[in-house]
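One structure is given below, encoded as structure tokens.
The values are calculated or read from the model by the stated rules, or taken from the named source; none is laboratory data. Note that this is a predicted model, so its numbers are computed, not measured. Note that each Cβ is placed from the backbone with ideal geometry, even for glycine, and that neighbours are counted across all protein chains shown. Accessible surface is based on the protein model in full, side chains and every heavy atom, while ligands, DNA and RNA are left aside. Shrake-Rupley method; radii C 1.70, N 1.55, O 1.52, S 1.80 Å.
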Amino acid sequence: MSGTQDGAGLIGVDWGTSNLRVLRIGEGGTVLESRSDPRGAAGLAPSAFPSVLAEVADGWLDGASPILVCGMAGARGRWREVAYLPTPATLADLANALSSPLDRPDLRIVPGLKAVAGGRMIDVMRGEETQVMGLDLEPGSHRIVAPGTHSKWIAARPGQIVGYRTFMTGELFAAIRKGTILGAGMGEPGVDEGAFADGVDRALTDPALTSALFSVRVETLADRLRPDAAADYLSGLLIGAEIAAHRQDTHGTVTLVGADALNARYAAALEIAGFSDVRLADGAAAVANGLWRIHQASLR
């Protein structure tokens, strides 16, 4: 069925580092249907992107609905590199800088953002800008946290990203579990909330993260930490260290925009750190809404 017949006004593509989501998006950013695939951008050569998208979005790419892509498809060495825009950046800035791969002129990719200081690029993001644009923010300044492989702490206003800072929390967690002595015999996180809280507390009181990390092994050898709880303790250490860097203002609102499990974990850690107003937003819904708003802005 065509996009016109079934109500889809946009085909949205969220191409992350390790996963792909394709969305049929209706009026106002409503997700009508969603498909997921584990073929993230990190594992694909530039020439592979069109065929993977065609396979996952089979039956949807009939030309009736425009296609808008956010995330790592626009990164260097992927489908087509789309330049980073400097922050502050608005919804209109993103819409005006959409770019198409040479092999798919019917498809457009959302640019990423870069932070610049002293004439040098000091930070980048791809994908989170679309999430933020999809949030329904009240007038004024906002602090938004997008937890994930590379967590972002973002300063924003409605329709504008002012600045941000990246933390490699999720990637570091995976690397420690798979590639260090600390990860030997370590199971999956999510089994011991107490161990997670202990990790958060340790990170909040000990700014020397590389030293605090070794406590995973010490606590296990001392029989104070069960091996099956070690992943939760490690997660608490890393998330706690991230939060400690922003602990100077615990009274302002923090909006978490991510997957439910990560939102819950960060909310618990923020509460331990004394943050008094934490709000949760659905990351998947924010991406769909953001793609819709960017698309609409590009038509003006």
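Structure values in brief
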item: Sum of -39500 (n - 2.57) over DSSP H runs of 4+, divided by residues of the chain (222 nm, nearest 500); result: -10500 deg cm²/dmol
item: Cβ-defined net charge surrounding Trp79, 14 Å radius [Lys, Arg +1; Asp, Glu -1]; result: +3
item: Contour excess over end-to-end distance, with Cα ends at Ala208 and Ala259 and 0.36 nm allotted per residue; result: 15.5 nm
item: For the chain, alpha-carbon Rg over 2.2 N^0.38 Å; result: 1.05
item: Length released on extending from Met168 to Asp223, taking residue separation times 0.36 nm less the Cα-Cα span; result: 16.9 nm
item: Relative pair counts by distance (%), Cα atoms of the range 152-300, 10 Å bins; result: 11, 37, 30, 15, 6, 1, 0
item: Cα pair count fraction exceeding 17 Å, expressed as % - the range 193-274; result: 44 percent
item: Mean shadow area of the range 128-225, taken as a quarter of the surface of its Cα convex hull (nm²); result: 8.0 nm²
item: Paramagnetic reach from Val116 in the range 82-104 [backbone N under 11 Å; point 7 Å along Cα→Cβ]; result: 84-88
item: As computed over the range 72-183, the Cα convex hull volume per residue (Å³); result: 137 Å³
item: Area projected by the alpha carbon convex hull of the range 6-96, averaged over all directions, nm²; result: 6.4 nm²
item: Exposure of Leu32 as accessible area (Å², to 10), given a probe of 1.4 Å and all protein chains; result: 80 Å²
item: The chain: most fluctuating residue of Val52, Val145, Val254 per GNM, C-alpha cutoff 10 Å; result: Val52
